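To start, the structure itself, in structure tokens.
The values are calculated or read from the model by the stated rules, or taken from the named source; none is laboratory data. Not measured: the values here are computed from a predicted model. Every residue, glycine among them, receives a Cβ derived from its backbone with ideal geometry; neighbour counts consider all protein chains shown. In case anyone asks, the SASA skips ligands and DNA or RNA and just uses the protein heavy atoms, side chains included. Shrake-Rupley method; radii C 1.70, N 1.55, O 1.52, S 1.80 Å.
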Amino acid sequence: MVGIKSYGAYIPRYRINHNTIFAAVGFLGTFPPPGENAVANHDEDTLSMAVAAGVDCLHAIEREKVDGLYLATTSQPYELRQNSALVATALDLQPSIRTADFIGSAKSGTTALLSAFDASKSGGSHNILVCASDCRLSKPGSPQEHLYGDGAAALLVGDEDVFATLEGYYSVTYDFPDRWRAAGEKFEHAWEDRFIRDAGYARVIPEAVSGLLKKYNLNIKDFAKIVFPGLYPREHGAIAKRLGADASQLQDTLVNKVGDTGSASPLMMLVAALEEAKPGDKILIASFGNGSDVLFFEVTEKIKSVGNRRGVTKHLNSKKELTSYEKYLAFRNLAPMDLGMRGEIGIRTPMSALFRERRAVLALCGTRCRKCGTPQYPPQRVCVNPECGAVDQMEWYRFSDKRGVVFTYTGDNLAASIDPPAIYGLVDFDGGGRFWFDFTDCDLDSIKVGMPVEMTFRRRYSDEPSGVHGYSWKATPIRD
Amino acid sequence: MAEGIKDKVAIIGMGCTKFGELWDKSAEDLMVEAFEECIEDAGIEKKDINAAWFGVHFEEQSVGKGATSLALTLKLPFIPVTRTENFCATATEAFRGACYAVASGAYDIALALGVEKLKDTGYGGLPTGPGLMGTKSALIMPKLTAPGAFAMMATRYFAVYGLTPEEGKRMLAKVSVKSHYNGARNPKAHLRREVTEEQVLNAPIIAWPLGLFDCCGVSDGSAAAIVTRADMAKKFRPDPVYVKALQIALSSGEELMYPKWDGAHVETGYRAGILAYNEAGIKNPREEISMAEVHDCFSITEAVTMEDLQFSPRGKVKEDIEAGRFNLDGEQPIQPDGGLKCFGHPIGASGLRMIYEMYKQLQGKAQLPERQIKNPKLGLTHNMGGFPAMNIVSVAIVGL
């Protein structure tokens, strides 16, 4: 029986209050409802968040057991260069896996999930990690700006040891032109809101859900939780009512806490539902975007043995308000900011070197000496332990999932940074290994020598002339 | 153990330009000025030079690759010229090349010249470059700048020796105040203004915990030396200065990648010091070294260097700083010319600039009487290139 074996999620640390948006661009007529959105830091994007959710999901699971990675998004950094392959590399998955990008619609998250179940069911790929992540750019002052938030979810799909079995599914597809973005365009277009709500959201979701209920001869009351995106909060409740569901069955949409996270939205809600699920619970999940996919799950006894995950709940509670709208624009590169002449000196990425060093750069793998056991980063041929010095006795050693402590640090006002000071330092890893890293998601005052840190995958730079986003790992205070 | 080059090589001439933000001078102008002073001091002619070593670090900012720019600028007549580059020890490496050349007997007279033209970048601080790790820098190095890299050593020093940031910063402020005092008295220095401890402490933070006055000048300049075999030296002048030791040590990766280094000292500085003391036959550096020019790129670097070179016991430099031991009128003057802090730091010239100061002090020719150190016997110079976790240190000892 195929189902879900593990879950994870990621919500960036920053939140922007809708009032902050209103104070800045309210003159344009935008009038956001109360709430806040999760906002990616300047070094985060769709791929970094997908990796973070993947890390959460794969906690205590051997990476070698993952047979595929599907990435769902509408805000992929690359049109050519498979985004899922990059995420798979960052997660240090085996090369012998299947990867695919599911793009172009907010329902791509559920479509990726369905495709993963199909693949798992066919026996071709037993365990597939589905990451859904969105970090969408909105025009300043647009309704999307307060509607959209940034976030990611990850689900490991498999055919054994599952804690939620896939019991049924149903899809409808329409070329519903609510939102679109032509190739090469930076921002999306949207048709009139009332059209999207009345001719799309309020019709398509009930159609798809009713289709599933009919197909499997189910009653809406059978479900402990009903998950579908909350683009229109009032309509969200009305749909449920029309379907005959109780308000208590509705999974919180996160729209006033995180925002609508596009492809990730239904999957993040599903993760939140699973966090509270009990054996025997039936969960229904529906997406919205050019149609809808509906899936339903039954939770098994194994839900009790799900290990420690940050999921949605822990990430929700770990936050810092971004009080400056201007900083928000700067983080998203929506307003040109002066970094000085030093900041104009770009990095050109040696792609062949990046490929050669991919495990070191993207997966934060170093080596461990088989002779003396010393972990070392970056990978070495000659052991760095002065008492050892063995040559070519190395095995790969992954640092991305190791914690460490701050050996030393600084906050640098000279280094070009969109969010000065640039904080960096040396990290001593638990179990051995030391290297220098940029620090992120922290304030200089909060960093102390000896404090614990963990590693997080980030977009470290943009190499605009080459069209390359430079990713690698940074250190960050442990987000518990 | 190898016998070393103690007393085998003598300096017979030196030159050094004024350092500073020299908007009207090119690297070539500076090379000519340093060379002209140097050759006049040596009392020789250009045709007497058998070979030359040329140091420049950020060649892409000034003269380009290779050694041709020295040959072309000075119109050296088809002699061997070699380019050296080893971070901030670049000029000392040029000097080392020239010294080894005459010590080996390959040549009688050799020139070492270092130059750096830093102020053509358009921004403050050192030029950003490919960094310490080549193509890997772009891929895995944090956005390290020099102030940030050394600030991390200050953070660490404070943590290891239990200093509050206030105590630590005040200790470092005294280092800078002393160098500003010395620089103010040196006509060739870049920064010639005295500062108070309070000014240093209240300056804007460049990289926490280092403020503006914890950082050395970023300067243009050039310095040069002419060396010969020791047994020939007196033919040229009555007061040649002899090379007693010339050593370098480089990081093995241990500091950056193996969790043993305490981060509160520079391991290579300690190692290069030992190598140099062995070569020069020095048993007690605190007593035997009369004066030194060390690599005070940042105040913290000077402080830990006092410990690395065994001038102060580990963790105890604060006491020596507070006692004024390293002041111009102290027991062991450090940075009598103002140091990198105030004389300035054109990277490819700094090592030779330091030797220039020791040479002049040993000869009793420190321009102004208030600058002259009384009866120095041995002078030490020290360069540190790279960052505390990954670097090169050179130590030279010269004497009469």
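What to note about this one:
- Ranking B:Thr84, B:Gly64, B:Leu30 by how far each Cα lies toward the positive end of the dipole of the stretch B:1-98 (charges on Cβ) leaves B:Thr84 at the top.
- Cysteine residues of chain A whose Cβ has no partner cysteine Cβ closer than 4.7 Å: A:Cys57, A:Cys131, A:Cys135, A:Cys365, A:Cys442.
- Chain A: angle of helix A:108-122 to the longest principal axis, Cα-based, in degrees nearest 10: 80
- GluC sites (Glu not before Pro) within the stretch A:260-360, DSSP loop, no more than 14 other Cβ atoms inside 10 Å: A:Glu276, A:Glu344
- Charging the Cβ of each Asp and Glu at -1 and of each Lys and Arg at +1, and nothing else, the dipole of chain A about its Cα centre rounds to 420 debye.
- Per-residue average of Cβ from other chains inside 10 Å of B:200-207: 3
- Per residue accessible area in Å² of the stretch B:1-135, where ligands, DNA and RNA are left out and the probe is 1.4 Å: 41
- Distance from the stretch A:263-294 to the stretch B:99-178 (C-alpha centre basis), Å: 55
- Accessible area buried between chains A and B, both sides summed, probe 1.4 Å, in Å² to nearest 100: 3800
- Measuring nothing but how far apart in sequence close Cα pairs (under 8 Å, 6+ apart) lie, relative to its length, the stretch A:3-331 scores a relative contact order of 27 percent.
- Ordering of A:364-374, B:337-347, A:405-415 by packing [mean C-beta count within 10 Å, highest first]: B:337-347, A:405-415, A:364-374
- Residue-by-residue Karplus 3J(HN,Hα) for the stretch B:2-15, coefficients 6.51, -1.76, 1.60, Hz, glycine and proline x: 4, 7, x, 10, 3, 6, 9, 10, 10, 8, 10, x, 9, x
- Electrostatic dipole magnitude of chain B [Cβ: Lys, Arg +1; Asp, Glu -1; Cα centre; debye, to 20]: 320
- Between B:Gln361, A:Ser292, A:Ala238, the Cα set farthest toward the positive side of the dipole of the protein assembly as shown (charges on each charged residue's Cβ, about the Cα centre) is that of A:Ser292.
- Average beta carbon contacts from partner chains per residue of A:381-389, 10 Å cutoff: 3
- Counting only aspartates and glutamates at least 8 places from B:Lys117 when in the same chain, those with an alpha carbon closer than 13 Å to its own are B:Glu21, B:Asp24, B:Glu28, B:Asp29, B:Glu59, B:Glu60, B:Asp220.
- Charge sum, other residues only, whose C-beta stays under 11 Å from A:Ala202's C-beta, Lys/Arg counted +1 and Asp/Glu -1: +2
- Only protein atoms count toward the accessible area here, which uses a 1.4 Å probe; on the stretch A:1-135, the carbon and sulfur part of that area reaches 56 percent.
- Nearest-ten-degree value, helix A:46-57 long axis tilted from longest Cα axis of chain A: 90
- Long-range tail of P(r) for the stretch A:3-331 (Cα pairs > 31 Å, %): 25
- Between the alpha-carbon centres of the stretch A:218-256 and the stretch B:267-282 there is a gap of 76 Å.
- Inter-site label distance for A:Asp198 and B:Lys377 at 7 Å from Cα along Cβ, in nm: 10.1
- Only helices reaching 15 angstrom along their own axis (Cα) with mean Kyte-Doolittle hydropathy no lower than 0.0 count here, and for the DSSP H runs of chain B these are B:27-42, B:90-103, B:146-160, B:347-362.
- Springs between Cα atoms under 10 Å define the GNM used for chain B, and in it the highest mean-square fluctuation of B:Leu352, B:Leu111, B:Leu163 occurs at B:Leu163.
- Dipole axis of the stretch B:304-354 (+1 Lys, Arg; -1 Asp, Glu on Cβ), positive-most option in B:Ala349, B:Leu328, B:Thr305: B:Ala349
- Counting only GluC sites (Glu not before Pro) that DSSP places in a loop and that have at most 11 other Cβ atoms within 10 Å, the longest clean stretch of chain B runs over B:46-400.
- The stretch A:4-154 shape via C-alpha gyration tensor axes, a/c threshold 1.5: prolate
- Partner chain coverage, peptide A:435-443 - average Cβ within 10 angstrom: 3
- Estimated from the Cβ-Cβ distance and a Förster radius of 45 angstrom, the FRET efficiency linking A:Glu276 and A:Phe187 is about 0.80.
- For chain B, the relative contact order comes to 26 percent (Cα pairs under 8 Å, sequence separation of at least 6).
- Surface listing: A:Ser115, B:Ser179, A:Ser462 arranged by accessible area from highest to lowest gives A:Ser462, A:Ser115, B:Ser179, probe 1.4 Å.
- Element breakdown for chain B at a 1.4 angstrom probe: carbon and sulfur atoms account for 53% of the accessible area.
- Cα centroid separation, the stretch A:367-393 to the stretch B:1-80 (Å): 42
- Kirkwood hydrodynamic radius over Cα pairs of the protein assembly as shown, then Stokes diffusion coefficient at 10 °C and 1.306 mPa s, in µm²/s: 53
- The P(r) of chain B has a tail past 28 Å containing 40 percent of all C-alpha pairs.
- The peptide list A:225-234, B:10-19, put in order of mean Cβ contacts within 10 Å with the highest first, becomes B:10-19, A:225-234.
- Bridging of B:Lys341 to aspartates and glutamates at a Cα separation below 13 Å is possible for B:Glu194, B:Asp214, B:Glu293, B:Asp296, B:Glu302, once same-chain residues fewer than 8 apart are set aside.
- Global form of the stretch B:154-258, assessed from the alpha-carbon gyration tensor, a/c cut-off 1.5: oblate
- Accessible area expressed per residue, chain A, with surrounding protein chains retained (probe 1.4 Å, Å²): 40
- Local electrostatic count at A:Asn385 - Lys and Arg +1, Asp and Glu -1, tallied over other residues with Cβ under 14 Å: +3
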